[in-house]
Amino acid sequence: MELRGCQQPLHPHSSQKPSSSSPSTSSTNPAGYLLPRTTSAWLACAFLSLALLHLLCCSPDPTQWALVFSPPRHYFNGTYSSSVSAAAYVNLAQGRQISCDYSEGQWVWSPGHARRYNATTCGVVKDSQDCVRNGRPDTGYLDWRWRPTAAACPLPPFDAAAFLGAVRGKHVAFVGDSMARNQAESLLCLLAASPSFPSRLVYHQSDPPGLSQNFLVRRWAFPTHGVTVSVYWAPFLVRATGRVDDYHLPYSSVHLDALAERWSAEADTMDVAVLSAGHWFLKWAMFYNGSGVVGVHMLPESNNHTEIGFASPFREVIRKALERLVLGVGGGGGGRTVVLATLSPSHFEKAWDDPTTCARKRPYEDGEKEVDAEAAELRRVVKEEAASAAARNGGAAATTIKVLDVTKLATMRPDGHPGAYMHMDPFGPGKPDKMLNDCLHSCLPGPVDTSQDQTAVVSSEGRRGACRDREGIKLLGSGL
């Protein structure tokens, strides 16, 4: 049987005719049967197999897979993860959809769950986020697992072999601020935990001397699968100067009309693009459109300019980044998967230089801590712009847009930050009473690894691109 496209109906009996010349027909086929029972059984199995293959390859909604499929297949289609923050699965037995909102749940005690790699031997983690190396004595923060509210929607741990197999030959890129870097390093360490998948750093570019010494681009290769993983430093996603380069300066100058050059220039090489930004929009900034100032944020001394807050500039930037990735150069996104991560909030409870400002040792209980207003607003913008991009560019590109909604699960983990243990042995002899604390990033290993359990975000041009619905873009996210 030849399948000519994903919309062709399957009729397994259409080419079969009963033959009176077959000696077995009359002897084994009871009255009323067109085919022998054994033949009918085989054809029924073939029909079911083809139907499942059709669902696997060509369902108009990549979230509507059966839970019975194997983990690698789930990874391949991106439904194994809570990058789909409100995915709908099909229950084949009952013929109904099960709503899976992975953004809702609770942290449950699961000894050893996050002890999946050694950050020191991994070789890519910043010293300030290697909490075990720096002497953090309590390691209970490694013993919690995110359990989604829906019992029918389990969240299995990250599978390196399945992930690399799914993105074979592809370029996975993390673009944004230091939270994008935190996520990328988590992924790299989870992959490096298996000796079967060696990697090597193939490119590194940093700021010139005298600036903040942030990396600009880093890239790793996994030769066993032809996979490339890159991290692009672009904290505003658009071009920015000032404080973003030199912390001694009072504010950042942000050019809303111009995407950051390096990642934008290489966007067409990205098969999976994970965008993570937001924290820098909450800081002191002056926003430009061309050469003109359109407004400022947290600069009351700028009497000649209007305070416009953070949400409006953030929305404009997310929209512009999506246009670049969805439409691409020449108007084609090329089957790309774009993932928008929502904000992971900080947990400074005291002054930034108080070594106990984020010293909690357990997650918040459900209902004990609400998502703060700023994080909720930025999350709302991400979801709305993802929905708008799908509607606006529906017929223009075969691009999947996903929302990785981590805001609530990150809000509930005040215990997962380095805090004072961004420094080696911070409470040892001779150490100062006041010091810089990191209550923003995750320890590695730590809670951020759950993002990799959730995402496993991949796209396949061959298997998914041919069977798009009329919109041509898939939008997967909570409340959309």
Considering the stretch 235-244, residues that are under 14 Å from Leu216 (Cβ atoms) and of a type in the set (Val, Ile, Thr), and then whichever is surrounded by the fewest Cβ atoms within 10 Å (Cβ to Cβ), we arrive at Thr241
Exercise. Is the stretch 294-302 home to any residue that is hydrophobic (A, V, I, L, M, F, W, C), crowded, with 19+ Cβ neighbours inside 10 Å and without any contact (Cβ under 8 Å) to a residue 60 or more places away in the chain?
Worked result: yes
Checking Val294, Val317, Val326, Val338 in turn, the sole residue that is under 26 Å from Ala389 (Cα atoms) and over 28 Å from the mean Cα position of the chain (by Cα) turns out to be Val294
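Looking at Tyr232, Tyr247, can you tell me which residue is open to solvent by less than 30 Å² (accessible area, probe 1.4 Å), within 29 Å of Lys283 (Cα to Cα) and of a type in the set (Phe, Trp, Tyr)?
Tyr232
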Going through (1) touching a Phe, Trp or Tyr at 6+ places or on another chain (Cβ under 7 Å); (2) surrounded by fewer than 16 Cβ atoms within 10 Å (Cβ to Cβ); (3) modelled with pLDDT of 90 or more; (4) under 29 Å from Ala386 (Cβ atoms) one by one, Ile98 fails only at (3)
Selection from the stretch 286-317 of residues part of a loop (DSSP other than H, G, I, E, B) and among the small types (Gly, Ala, Ser) yields Gly290, Ser291, Ser302, Gly309
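Here is a yes/no grid of residues against (1) open to solvent by 60 Å² or more (accessible area, probe 1.4 Å); (2) touching a helix residue (DSSP H, G or I) at 6+ places or on another chain (Cβ under 8 Å); (3) not hydrophobic (A, V, I, L, M, F, W, C):
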residue: Gly292; (1), (2), (3): no, no, yes
residue: Ala311; (1), (2), (3): no, yes, no
residue: Glu316; (1), (2), (3): yes, no, yes
residue: Leu325; (1), (2), (3): no, yes, no
- Query: Do we have any residue at all in the stretch 392-410 that's out of contact with any Pro (no Cβ under 6 Å at 6 or more places or on another chain), open to solvent by 50 Å² or more (accessible area, probe 1.4 Å), over 30 Å from Asp138 (Cα atoms) and not polar (S, T, N, Q)?
  - Reply: yes
- Test: residue in the stretch 184-200 that is under 20 Å from the mean Cα position of the chain (by Cα) and either modelled with pLDDT under 90 or of a type in the set (S, T, N, Q) (or both): yes
With the first residue restricted to the stretch 305-318 and required to be among the charged types (D, E, K, R), and the second required to be open to solvent by 30 Å² or more (accessible area, probe 1.4 Å) and in a helix (DSSP H, G or I), Cβ contacts under 7 Å at 6 or more apart or on different chains are none
The residue that is modelled with the lowest pLDDT, considering only those in the stretch 417-438 that are open to solvent by less than 20 Å² (accessible area, probe 1.4 Å) and out of contact with any helix residue (DSSP H, G or I) (no Cβ under 8 Å at 6 or more places or on another chain), is Gly428
Going through (1) touching a Leu at 6+ places or on another chain (Cβ under 9 Å); (2) of a type outside the set (A, V, I, L, M); (3) open to solvent by less than 20 Å² (accessible area, probe 1.4 Å) one by one, Asp143 fails only at (1)
Of Arg116, Arg133, Arg168, the only residue that is touching a Pro at 6+ places or on another chain (Cβ under 7 Å) and open to solvent by 50 Å² or more (accessible area, probe 1.4 Å) is Arg116
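Within the stretch 205-258, can you find the residues that are small (Gly, Ala, Ser), modelled with pLDDT of 95 or more, more than 20 Å from Gly278 (Cβ to Cβ) and outside any loop (DSSP other than H, G, I, E, B)?
Here is the first cut: in the stretch 205-258, the residues small (Gly, Ala, Ser) are 206, 210, 212, 221, 226, 230, 234, 240, 242, 252-253, 258.
Keeping just the survivors that are modelled with pLDDT of 95 or more gives 221, 226, 230, 234, 240, 242, 252-253, 258.
Within this subset, residues satisfying the condition of being more than 20 Å from Gly278 (Cβ to Cβ) are 221, 226, 230.
Hits for the stretch 205-258 are Ala221, Ser230.
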Pairing a residue in the stretch 257-272 that is free of Cβ contacts under 8 Å to residues at least 24 places away in the same chain and surrounded by 15 or more Cβ atoms within 10 Å (Cβ to Cβ) with any residue that is in a strand (DSSP E or B) and among the basic types (Lys, Arg), where Cβ atoms lie under 7 Å and the two sit 6 or more apart in sequence or on different chains, gives Ala258/Arg239
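The values are calculated or read from the model by the stated rules, or taken from the named source; none is laboratory data. As the structure is a prediction and not an experimental result, all values here were calculated from the model. Don't worry about glycine lacking a Cβ; one is built from the backbone with ideal geometry, like all the others, and counts go over all protein chains shown. These accessible areas exclude ligands, DNA and RNA; they are computed on the full protein's heavy atoms, side chains included. Shrake-Rupley method; radii C 1.70, N 1.55, O 1.52, S 1.80 Å.
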